[in-house]
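These notes are about the structure you will find just below.
Each value in this text was obtained by applying a stated rule to the coordinates, not by laboratory testing. Computed from a predicted model, the values in this text were never measured in an experiment. Using ideal geometry, Cβ is built from the backbone for each residue, glycine included, and neighbour counts are taken over all protein chains shown.
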Amino acid sequence: MKQEYRNLSLVPRMVFGRGCFNQLGDILAPRRESGRMLFLVDDVLEHTGFADRLPMEKGDLLIWVNVDDEPSTKLIDSLKSRATEQLGENPSAVIGIGGGSVMDTAKAVSVMLANPGSSAGYQGWDLVKNRAIYHVGIPTISGTGAEVSRTAVLTGPIRKLGINSDYSVFDQIVLDPDLLHGVPSDQRFYTGMDCYIHCVESLRGGFINAFSRAYAEKAMDICREIFLEDWKRESEEKLMMASLFGGLSITYSQVGVCHALSYGLAYVLKVHHGIGNSLVFDYLEDFYPDEVVEFRRMCKWQDIQIPRGVTKGIPEADLTRMIDIALTLDPLWENALGPDWKEIMTRDRLKGLYEMM
Ligand code: NAD
Ligand code: ZN
């Protein structure tokens, strides 16, 4: 049988370095002729004076995005309507500034402005027909790899699943470590552990290859460097690179057991991605023994108390829903446990794992 390798779509342009955010106006300048711009910014930055740093011009639209809940298809559809109404036409660029939540929001909005219907109709793999509006991603917290991935993860009416498409990929990313100032240390850790877990699941999975290995090994080394030591200024730029590399690794391999379980948890209990992954990972010694021990060392060093008892007393129906959601993620299980994964990860075993959390 002919082997099919994925023809990967990567972010074509990147600027990296302290203060490089100040170049955003120049980067956007060539797009100015073709229309006004849409800025989507995490509302945590609303009262910090950050708006004054945005290279906005007359007619541009700024929307502060709240991420108390992770992005949903409903949010994307309403942002699309609001942008169309207020701008009167499609913007020439969509700029997303924030963590994984806002970056995914910007990806999804830029896709949906160029495609009909609700974003829920595009949750899945390669369902997008039209090229997205030019979009720029600017992380203000690092770890998810959303800046470099081809997915915009959304909670939809049926499940949490990304718009996985070449058109989701950012046209430009701006990586300025100064923007990570002010992230609370526990949140920084959880999002950082998302990166660490991406690497573990990539390296320990059957889909691993030399490309994904090279990036994951380097990103893991960086995670060790920064989370098994006191946090320093230079840790910000290192984490930014680890996030990028971890993201690159999984774009050409896959995640595994932890992400599958964490998706179920997120959908039913609204547990955020980074914290959900940390919470789950602690119980996965059977699958990732050495790494779970190392993860605990990092928690200890960073003085992190992972929440416990989140599934205690939840209705049976919720538990069932979590299991159902986790089991829909075939590629993750296949990567982690091989083609016979259904025999290894039975509903009972999954239930036992969830009940421990
Ligand atoms: P996030 O974007 O949800 O933000 C977490 C918290 O940090 C929020 O309260 C936010 O307001 C705050 N924050 C962000 N920047 C800050 C700053 N500079 N100062 C102070 N506070 C700041 O967190 P995340 O972990 O980056 O992203 C999680 C989301 O990313 C989830 O929705 C998840 O599904 C998604 N995700 C996407 C991918 C992908 O490849 N697209 C990969 C992993 C996760
Ligand atoms: Zn993740």
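With Cα atoms defining each centre, segment 142-159 and segment 1-67 are spaced 17 Å apart in the structure. Placing unit charges on each Cβ (+1 for Lys and Arg, -1 for Asp and Glu) gives segment 97-192 a dipole about its Cα centre, and among VAL174, GLY143, SER185 the Cα reaching farthest toward its positive end belongs to GLY143.
Between GLN187 and ASP324, the C-beta separation translates, for a Förster distance of 35 Å, into a calculated FRET efficiency of about 0.75.
Averaging the Cα positions of each part gives two centres, and for segment 78-137 and segment 195-254 these lie 28 Å apart. In segment 155-196, the convex hull through the Cα atoms has an average projected area of 5.0 nm², a quarter of its surface area. Working from label points 7 Å from Cα in the Cα-to-Cβ sense, the ARG308 to THR84 distance is 5.1 nm. The separation of segment 255-278 from segment 162-178, counted between C-alpha centres, amounts to 22 Å. Just to confirm the number: angle between the C-alpha axis of helix 100-112 and the first principal axis of the chain, 0 to 90 degrees, nearest 10? In the chain, helix 100-112 runs at an angle near 60 degrees to the longest axis. Taking all C-alpha pairs of segment 13-180, those more than 22 Å from each other amount to 35 percent.
Against the main long axis of the alpha-carbon atoms of the chain, helix 257-269 sits at an angle near 70°.
Result for the chain in a Gaussian network model with C-alpha springs under 10 Å: among HIS272, HIS47, HIS198, the largest mean-square fluctuation is at HIS47.
Please give the residues of segment 220-240, grouped as numeric ranges, whose backbone N is less than 13 Å from a label point set 7 Å along the Cα-to-Cβ vector of ARG18. Residues passing the 13 Å test: 232-238.
Under a 10 Å cutoff between Cα atoms, tell me which one of GLY19, GLY206, GLY156 has the largest fluctuation in the Gaussian network model of the chain. Checking each option, the largest mean-square fluctuation is seen for GLY19.
Computed over the chain, the Cα gyration tensor eigenvalues convert (square root of 5λ each) into semi-axes of 32, 23, 20 Å, ordered from largest to smallest. Within the set LYS58/LYS80; LYS312/LYS351; LYS218/LYS238; LYS270/LYS312, which residue pairs have Cα atoms separated by over 18 Å? Cα-Cα > 18 Å for LYS58/LYS80; rest within.
Tell me the GluC sites (Glu not before Pro) within segment 73-168 that lie in a loop according to DSSP and have at most 13 other beta-carbon atoms within 10 Å. Passing both the DSSP loop test and the Cβ count: GLU89. Placing +1 on each Lys and Arg Cβ and -1 on each Asp and Glu Cβ, with no other charges, gives the chain a dipole about its Cα centre of roughly 580 debye.
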